[in-house]
Structures are given as structure tokens and as C-alpha cells.
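Read through the structure below, which is laid out as C-alpha cells, and then see the notes.
Laboratory data are not the source of any read-out in this text; all were calculated from the coordinates shown. Just so we're clear, the structure is a prediction, and the values are computed from it rather than from any experiment. Here Cβ is always computed from backbone atoms with ideal geometry, including for glycine, and neighbour counts include all displayed protein chains.
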Amino acid sequence: MDKGKTTSKKRKESDSPTQSPKSKRKLPTRSLAWNVFTRLEDDDSRCSCNYCGKTYSCNPATGGTTNLNAHMKKCKAYLDHVESGSQNVILTVGGT
């Protein structure tokens, strides 16, 4: 045995075990905007305001919830709801 020499084998990509591509897991929504907006059934990248019915893009890859939060600051129906503490909510299907 030769103690001075060590041999190292480099693993080739073909030697490594094959792994299946990881699927994206759905993360829970954390933004407060999701209390005010609902995703449209026919288009998952669009959301509708529960108070005034306006639709906005809510694709996390392009805009996320920044524009939804901006709408919440100026939506008169939502602001009236917050000030009055009422429970009236407009629910529209299809964003019309």
C-alpha cells in the first residue's frame, strides 16, 4: 500500500443518481391584499377587488401584490368599509 498517494475519483454526471425535477409547491398567501382580492376562476393571473369589482394583474412572476395594495389605498368602497366597519362585500364572478 502506498500511503503517500491518494487517488480521487471524480464523479461524472452519468454516475450521479438521476433526480426528478422538483415541482413547485404552492405557498400560502401572506399579503393582506388577499383579504380584499379574489383570483378569477377563468384566469389565475388576474384578481378582482371584492368591494368595487375592478380587476388587476396578480401574477407573482410579474407584479405580485404591489398594485393590489396600491388599489386598496384608493378604493373608495374598501375605504368606506374600513371606516364604517360594515360587512358589505360585492362578489362578482368573472370580473365583470
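Miscellaneous remarks
- Note on the range 30-45: residues that are touching a residue at least 24 places away in the same chain (Cβ under 8 Å) and under 24 Å from residue 82 (Cα atoms) amount to 8.
- Matching residues in the range 34-67 - criterion: being under 12 Å from the mean Cα position of the chain (by Cα), over 19 Å from residue 24 (Cβ atoms) and part of a helix (DSSP H, G or I): 66
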